[in-house]
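**Student:** This is the structure, below, for whatever I ask next.
The values are calculated or read from the model by the stated rules, or taken from the named source; none is laboratory data. What you see is a predicted model, and the numbers here were worked out from it, not measured in a lab. Here Cβ is always computed from backbone atoms with ideal geometry, including for glycine, and neighbour counts include all displayed protein chains.
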Amino acid sequence: MGEPTAVVFDLDDTLYPERRFALSGYAAVATVVGGETGMPAGVLYRFLVRRFRKHGREGLLQALCAAFALSPQEVPRLVEIIRTHGPRLRLPHDSRDVLGVLRARGHRLGVLTNGLPSTQRAKVRALGIDGLVDVVVYAQEHAPEGKPAHVCFATILARLDVHAARAVFIGDHPEKDIAGAAAAGLRPIWLPGRRLDPAPPAAEAVARSLADVPGLVGRLLEVHHVAAC
């Protein structure tokens, strides 16, 4: 039997679009604020979604408070509602399919994710990822800022019991995912999504969609195997 191999994924904006968590959080905020003030939750939610799509997250909750005569001191509490709500999420079919293909090929599978561990655990539960991979590591339980700290990658490699050179990492962030994985000895595949930036120098391959990943994984691990022979 050959040396074991692993494929490790980032979570947010890699296995699912992170904006879906944001929208779920805004729905939770609208429900709470509506219940407390008597304002229709649907009106509050539509305001949040329109502003999010037009301006992004910066100043979003402050704008909600200004538009609906809420105290700006409410903002930290609204942030906490988003962080702690039970998200309504569904794993995209292409993510589920790719994980199934990789598992069928005998790779060990892992997820290494940044973010507040309690929030990330809620996402993993909602997406049903626990049953599709072998290991989930919450990076900020091992380093204050999470990835790209070496210990985060070393931890998931140890839990998967795979050597770094026999592991591929897929992520969207050039520094936290790609540079961090390369520095730890993993083979990085960049999944840029909507990013238009040039590929990070540390990326060994670029996947334009998750559907590209199984073929790229096979190529990278085969190249390593041939080089090692």
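**Student:** Give me a count of the residues in region 73-86 that are exposed (fewer than 13 other Cβ atoms within 10 Å of the Cβ) and either outside any helix (DSSP H, G or I) or among the acidic types (Asp, Glu) (or both).
**Tutor:** So the answer is 2.
**Student:** Follow-up. For the condition surrounded by fewer than 22 Cβ atoms within 10 Å (Cβ to Cβ), at pLDDT below 95 and within 21 Å of Leu99 (Cβ to Cβ), what is the one hit in Gly193, Gly128? Let's see the steps before the verdict.
**Tutor:** Numbers: Gly128 fails: at pLDDT below 95.
It is Gly193.
**Student:** Just to be sure, is Val111 assigned to a strand (DSSP E or B), closer than 20 Å to Arg159 by Cα, in the same structural domain as Ser209 (by TED's automatic domain parsing) and β-branched (Val, Ile, Thr)? Quick ask: steps written out before the conclusion?
**Tutor:** On the way: assigned to a strand (DSSP E or B): yes; closer than 20 Å to Arg159 by Cα: yes; in the same structural domain as Ser209 (by TED's automatic domain parsing): yes; β-branched (Val, Ile, Thr): yes.
Yes, satisfied.
**Student:** Among residues belonging to region 133-155 that are more than 16 Å from the chain's Cα centre (by Cα) and aliphatic (A, V, I, L, M), point out the one that is surrounded by the most Cβ atoms within 10 Å (Cβ to Cβ). Before the answer, list the steps.
**Tutor:** Initial filter on region 133-155 (more than 16 Å from the chain's Cα centre (by Cα)): 134, 142-144, 149-151, 154-155.
Now narrow it down to the ones that are aliphatic (A, V, I, L, M): 143, 149, 151, 154.
Details: Ala143: 15, Ala149: 20, Val151: 12, Ala154: 14.
Among them, the one singled out is Ala149.
**Student:** Conditions: (1) free of Cβ contacts under 8 Å to residues at least 40 places away in the same chain; (2) on the phi > 0 side of the Ramachandran plot. Phe68 meets all but one. Number of the miss?
**Tutor:** Phe68 satisfies all of (1) free of Cβ contacts under 8 Å to residues at least 40 places away in the same chain; (2) on the phi > 0 side of the Ramachandran plot except (2).
**Student:** Take Leu99 and tell me if it is in a helix (DSSP H, G or I), buried (at least 18 other Cβ atoms within 10 Å of the Cβ) and not acidic (Asp, Glu). Let's see the steps before the verdict.
**Tutor:** Details: in a helix (DSSP H, G or I): yes; buried (at least 18 other Cβ atoms within 10 Å of the Cβ): yes; not acidic (Asp, Glu): yes.
Yes, satisfied.
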